[in-house]
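Undergrad: Please read through the structure below; I'll follow up with questions.
Please treat every number below as a calculation from the coordinates, not as lab data. Predicted, not measured: the structure shown is a model, and the values here were computed from it. Reconstructed Cβ throughout: ideal geometry from the backbone, glycine too, with neighbour counts over all protein chains shown.
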Amino acid sequence: MLKYCFSLCIAVLALVSCACAKLNLFQQPSRAEFALGTVCNVTLFDQAREEVYRDIFGHIREIENRMSVNLPQTDVMRINAAAGYAPVPVNNDVFAVIERAVYFAELSGGAFDPTVGPLVSLWGISGDYPRVPSQEEIDAVLPLVNWRNIELNPEERTVFLKIPGMALDLGAIAKGYAADEAAGIVKEARINQAIIDLGGDIVTSGIKKDKTKWKIGIQDPFNSRGVYIGIINVFEGAVVTSGVYERFFEEDGIRYHHLFSPSQGSPAAGNLLSVTVIANSAMDADALSTALFVLGYEKGNALIETLAGIDAVFVFEDKSIRVSPGADFFLTDDEYWIAVE
C-alpha cells in the first residue's frame, strides 16, 4: 500500500509579538501567492504598498522561471539537457546560486550536492507517483551524482555538467536565494519591518518597533502544520528548517522522505527529524539545513562549530533537542526536552 504526502509550507511558522502583545502576524497587511512549488507569504508591517508586493512576487517568479526543474526552458533545464555535450550560458543569478551550491557541496564533503537531480527523478518523491527503486536502479544513477563534475566558467558565465545524464536540482538552495532577494527589495523600498516566508525559508527584515526580537516557531514534526515545539528569537536574519515531514511517502509502513544522502542514493538515515539553521543569509541557511541533516548531528555540529554566525537546532526522533550555543531558542512543548552534552 502506498501513501503519499506533500506538504507545501510546514517547515517553520513565523510568529510576531509587539508591544500590545495582542497583535499577530495574521492581522498585518500581507500577501500570499503560490510560487517555487510552495506558498509564499510576505508581510510588510509598515508602508505596505501594492507596488512593493508586486515587485517582490514578480522577482520570485523570475527566479523560478530561471532555476526551476519543473518548468520547461529554464536555465537549469537547459544545463541538464546539455549534460555531457556543451557548456550553457546562464543568467548572472543562476551562475551565482550554482557557484554557491558548489561551495556548500565542498564544505559539507558532498552531504549537500546540487547534482541530485537523477535521484530526485528516480524516487519521484515530489511527483504524483513516488516509488522505492531497486538497488540496481540506484546504483545505475549514483555515478551521475557528483558535484565535482560541475564545470563553471566565470568569464563566459557558463555551466557544464561533464557526464551525460547528470542533472542539477537547486531545490535546496534557490528558495533561500529568493527569500534573500525579496528582503533586498524590502530594504530598497525603505520598509522598516517585514517577514518573508517562502514555504518555511524565513527572513526577518528590520528591527521591530518595540526593539524586541522576532519570534519564529519551529514546527512539531509529529503534528499538523502550525503546531510548534519552540521559538527561535532573532533580531534580523534567516531561519530555515529541513525536516522529514516536508515531503514524503509511505510504502509498506515505511516512510521515505525527500532529504537524500548523495552517497547512498536514498533518503538520509539517522535519528534526526529536522534541522533548523539560523544565519544572515537564507540561501546559506537553506543549503546548510540540508547538509547538516544528511551529515547527522555529530558531523553536522562539528561543521557548525567552524562557521561564524551560524547556529542550529537539531530535533531528534526521541523528542530530544540539541541547540548550538549561539541560538536563542525557547522550548514551549513539554513533550520535548533539551539534551545537555
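Undergrad: Scanning the chain for helices, which whole DSSP H stretches are 15 Å or more long along the axis (Cα) and average 1.0 or more by Kyte-Doolittle?
TA: What comes out of the filter, once short or polar helices are dropped, is 282-295.
Undergrad: Mean separation of Cα pairs under 8 Å and 6+ residues apart, divided by the residue count of the chain: what relative contact order is that in percent?
TA: About 21 percent, as a whole number.
Undergrad: Continuing with the same structure: Determine ³J(HN,Hα), in whole Hz, for all residues of the range 324-334 in sequence, where each value follows from phi through the Karplus function 6.51 cos²θ - 1.76 cosθ + 1.60 and θ = phi - 60°; x replaces Gly and Pro.
TA: 5, x, x, 7, 8, 10, 10, 7, 10, 10, 6
Undergrad: Using r as the Cβ-Cβ distance of residue 210 and residue 128, and R0 as 51 Å, what FRET efficiency do you calculate, to the nearest 0.05?
TA: According to the calculation, E is roughly 0.65.
Undergrad: Using only Cα atoms, figure out Rg for the chain and give it as a multiple of 2.2 N^0.38 Å.
TA: Its radius of gyration relative to the 2.2 N^0.38 Å reference: 0.97.
Undergrad: In µm²/s, what is D for the range 135-202 at 10 °C and 1.306 mPa s, where D = kT/(6 pi eta Rh) by Stokes-Einstein and Rh is the Kirkwood radius from Cα pairs?
TA: The calculation lands on 104 µm²/s.
Undergrad: What distance in nm lies between label points placed 7 Å from Cα along the C-beta direction at residue 317 and residue 48?
TA: Result: 4.3 nm between the two label points.
Undergrad: Where the centroid of each part is defined by its Cα atoms, how far is the range 269-317 from the range 105-124 in Å?
TA: One Cα centre to the other: 16 Å.
Undergrad: Still on this structure: In deg cm²/dmol and to the nearest 500, what is the mean residue ellipticity at 222 nm of the chain if only DSSP H runs of at least 4 residues count, each as -39500 (n - 2.57), divided by the residue total?
TA: -8500 deg cm²/dmol
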